[in-house]
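What follows is a short report on a single structure.
The values are calculated or read from the model by the stated rules, or taken from the named source; none is laboratory data. Keep in mind the model is a prediction, meaning the values are calculated, not measured. Methodologically, a virtual Cβ is constructed for each residue, glycine included, from the backbone with ideal geometry; neighbour enumeration extends over all protein chains shown. Accessible surface areas use protein heavy atoms only, side chains included; no ligands, DNA or RNA. Shrake-Rupley method; radii C 1.70, N 1.55, O 1.52, S 1.80 Å.
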Amino acid sequence: MKNFIKYSLIFCAHFIGVFHVVAQSTEKDSLLTFITTNEKTNIIEALNARIVLASICIKSSDTVLASRLLRESMIISKEKNNYFYLSSTLITWSSYFLSIGNYDASDSCANEALRHLQECSTDDCFYNKVNALSNLSVGKEQKGYIVSSIDLKLKALDIAEKLTHVQKNKTLTLLYSGLASLFANQGQYKKAAYYDNKCVQAQLSLGIRNLNLGDAYVYLADDYMCAGFTDSAAQILHGIKPLVDSLNIPKMYARYYAYSAKLNYLQKNYLQAIDDGVKGRDYALQSRSSKTCMVALLAAGRSYIALQQPQKAMPLLSEDLQIARAVQSLREQSFALKELAIASMQLQKPAEAYEYLLQFEVIKDSIQARNEMIRLNEIETQYQAERRAKAIQLLETEKLLQAASYKQKTTRLYVLVGCLLVVVLIGILVFRNYRQKQIIQTKKIKELEQKKQMDAVSNMILGQETERNRMAKDLHDGIGGMLSGVKLNLSAMKGNMIIHEQAANLFTKSIAQLDSAIREMRRVAHNMMPEALLQLGLAEAIHDYCQGINESKLIEIQFVNLCSNLSLEKSLEIVLYRIVQELTNNAIKHAEAKNLFIQISCNENILNLTIEDDGNGFEVSSFTSLPGNGSGLLNVQSRVDYVKGKMEIVSKPNKGTSVMIEIPINEK
């Protein structure tokens, strides 16, 4: 996959105002100085610089500074009621979450940005829409929803082609390239060629003859080769040779000779393919281009096999396999193993060929399993099963044809190898079936155990909340009423009795202490069952809770709610409120934090709760050894399990703590 993060970060280059001042320097210190200097005098320019610096921090993996800058940008954008910069901040948040692999949170931020951009019709706003859709497309692609990813990219492309923005052509090259890559990965090479050709035209319109232009031409030639149009591919590669020589870049030479070797192999110019493949390999090693090196080695190795020179093919194919394993490319491993098996048969080494074939089968199964996972998101299971069966049948036929053509004198040995393969495959299938039944049985047992545990936790939590509610009512309605009555009686007695001055002071002090007791009793009752939670909902209750703690000056809490009109079941709101209470209490008592950040965001039917502090932190792997044996976090985990959620804790000593919770929701 082509570098997906660049799709989500290109928008930062179009911001107006400050760019002609600070865009010439990407140093963090320069931008931080600019922000500090213009914080009060030029608020919008400082806001602009924050978003640019946050994008730079995301690229350099400085997520702590990036998140701080983005939180500040959110606050300022909302205070200024500036929906353009609010959407820009949300898109950068989306890019931040993409960089750490939190695709659901990224989708939530990108969708929120699109909502803010609905009524905006400026060119800059349309540009932001393109970037929000691009981020959504990347998230879908990473989760295996390829058709949805393509659909989102096409929507972004439809908007981008109508822009008059200064960054239009750069944006189009990225979108065209991304679409071509998606279609090529799905085996739709004609569509891939169409978009790679559009990418070339967009690159040419920039008027810059650089590596990107050369790459676009090479990928277009590869599309034509994969689609069977070798003459068109040859015309392209021949035409860009002057460009390649003028650039004089090892990486460009590597790609040119590698794909030229592939073309010559397809056209059966085996000697030329070997020569170009060796050149491509040498340049690729020089520029550390692993993928290009594999293309060159495979083409040269296949050419030696076609020339019946397996002894020369073996080292090239072995090197190809080694690189493929290092970069974890299953596809390239399968190519290398298949060709190594053929070369071994030419060398009359059936045992080695059989071993390579077994490895090939394992890799092929892994590839098929991964492809099946992706396709099941978009097409019916039956269609996929039939297609897989046809692929297996074609592969078996190809094996038999190769065996017959290369080794007629060892027919009996081939039959034996074929029988062994069938027996092994049957054994693998039987073993897989047995293992699958065991896994299903084990899963059922675990589910029953988990259900029992969840029932126990549910009863415990329900009992706790019922008891809290009862005690709150008893305190407020019972003891509170009694204390208020005592106060009224004492106040009446004071007015009707003659008391010495010293006794009168003592009497007044007693009434004041009684007032304090009543207030404390009401505070305890409110904490047990806050009225805001019952009347106004979760967001207002957390807001009131944070304000109350902020007034105590024990800690500074920031609360951000990204879920508009959030309405949940009361039982779920109570659980979430208790989780916030518990984690806040941990930050104050154990972490000794000075600042706490609480954020709620929603994505379709998922609620994300994030709580970060700058406290002492701890080793997550040993949190049960914390003060109180980690009972607070265990209590939080129990409540998260109760609502079928997920919790992730990120913490290091003296580096603060981040708790990220995902909970499935069904709004009222």
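Take the residues in the range 154-167 that are open to solvent by less than 50 Å² (accessible area, probe 1.4 Å) and out of contact with any Ser or Thr (no Cβ under 8 Å at 6 or more places or on another chain); name whichever of them is nearest to PHE229 (Cα to Cα). Ranking the candidates gives LEU157 first. Look at the range 252-277: where a residue is modelled with pLDDT of 90 or more and a partner is assigned to a loop (DSSP other than H, G, I, E, B) and of a type in the set (A, V, I, L, M, F, W, C), sitting 6+ places away or on another chain with Cβ atoms under 9 Å, you get TYR256/ILE240; TYR270/LEU307; LEU271/LEU307; ILE274/LEU307.
Taking residues in the range 152-177 that are touching a residue at least 60 places away in the same chain (Cβ under 8 Å) and under 20 Å from ILE208 (Cα atoms), and partners anywhere that are open to solvent by 10 Å² or more (accessible area, probe 1.4 Å) and among the small types (Gly, Ala, Ser), the pairs with Cβ atoms closer than 6 Å and at least 6 places apart or on different chains are GLN167/ALA13.
If you check ILE606 against the conditions, is it modelled with pLDDT under 90, surrounded by fewer than 18 Cβ atoms within 10 Å (Cβ to Cβ) and more than 23 Å from THR63 (Cα to Cα)? Criteria met by ILE606.
Among the candidates LEU98, LEU114, LEU136, the residue that is over 16 Å from THR171 (Cβ atoms), buried (at least 24 other Cβ atoms within 10 Å of the Cβ) and hydrophobic (A, V, I, L, M, F, W, C) is uniquely LEU98.
State which residue is nearest to LEU136 (Cα to Cα) when the search covers only the range 171-194 and only residues that are surrounded by fewer than 19 Cβ atoms within 10 Å (Cβ to Cβ) and touching a helix residue (DSSP H, G or I) at 6+ places or on another chain (Cβ under 7 Å). Among those that are surrounded by fewer than 19 Cβ atoms within 10 Å (Cβ to Cβ) and touching a helix residue (DSSP H, G or I) at 6+ places or on another chain (Cβ under 7 Å), it is GLN186.
Filter the range 320-336 down to residues that are without any contact (Cβ under 8 Å) to a residue 24 or more places away in the chain and assigned to a helix (DSSP H, G or I) and give me whichever is least open to solvent (accessible area, probe 1.4 Å).
Filtering the range 320-336 for residues without any contact (Cβ under 8 Å) to a residue 24 or more places away in the chain gives 321-322, 325, 328.
Remaining after also requiring assigned to a helix (DSSP H, G or I): 321-322, 325.
Working: LEU321: 12, GLN322: 130, ARG325: 118 Å².
Among residues in the range 320-336 that are without any contact (Cβ under 8 Å) to a residue 24 or more places away in the chain and assigned to a helix (DSSP H, G or I), the one least open to solvent (accessible area, probe 1.4 Å) is LEU321.
When the range 122-133 is filtered for residues that are free of Cβ contacts under 8 Å to residues at least 60 places away in the same chain and open to solvent by 10 Å² or more (accessible area, probe 1.4 Å), the ones remaining, listed by number, are THR122, ASP123, PHE126, LYS129, LEU133.
Which residue, of ASN197, ASN210, is within 16 Å of LEU179 (Cβ to Cβ), out of contact with any Lys or Arg (no Cβ under 9 Å at 6 or more places or on another chain) and open to solvent by 30 Å² or more (accessible area, probe 1.4 Å)?
Criteria check complete, one pass: ASN197.
Among the residues of the range 337-351, are any without any contact (Cβ under 8 Å) to a residue 12 or more places away in the chain, more than 28 Å from the chain's Cα centre (by Cα) and either crowded, with 23+ Cβ neighbours inside 10 Å or assigned to a helix (DSSP H, G or I) (or both)? Yes - at least one qualifying residue is present in the range 337-351.
On the stretch given as the range 263-319, residues that are crowded, with 21+ Cβ neighbours inside 10 Å, among the charged types (D, E, K, R) and farther than 14 Å from TYR253 by Cα total 1.
Among the candidates ALA49, ALA66, ALA54, single out the residue that is touching a Cys at 6+ places or on another chain (Cβ under 8 Å) and part of a helix (DSSP H, G or I).
Values: ALA49 fails: touching a Cys at 6+ places or on another chain (Cβ under 8 Å); ALA54 fails: touching a Cys at 6+ places or on another chain (Cβ under 8 Å).
Exactly one residue qualifies, and that residue is ALA66.
Within the range 561-590, residues that are more than 14 Å from GLU612 (Cα to Cα) sit with their Cβ atoms under 7 Å from residues that are at pLDDT 80 or above and open to solvent by 40 Å² or more (accessible area, probe 1.4 Å), at 6+ positions apart or across chains, in these pairs: VAL575/TYR642.
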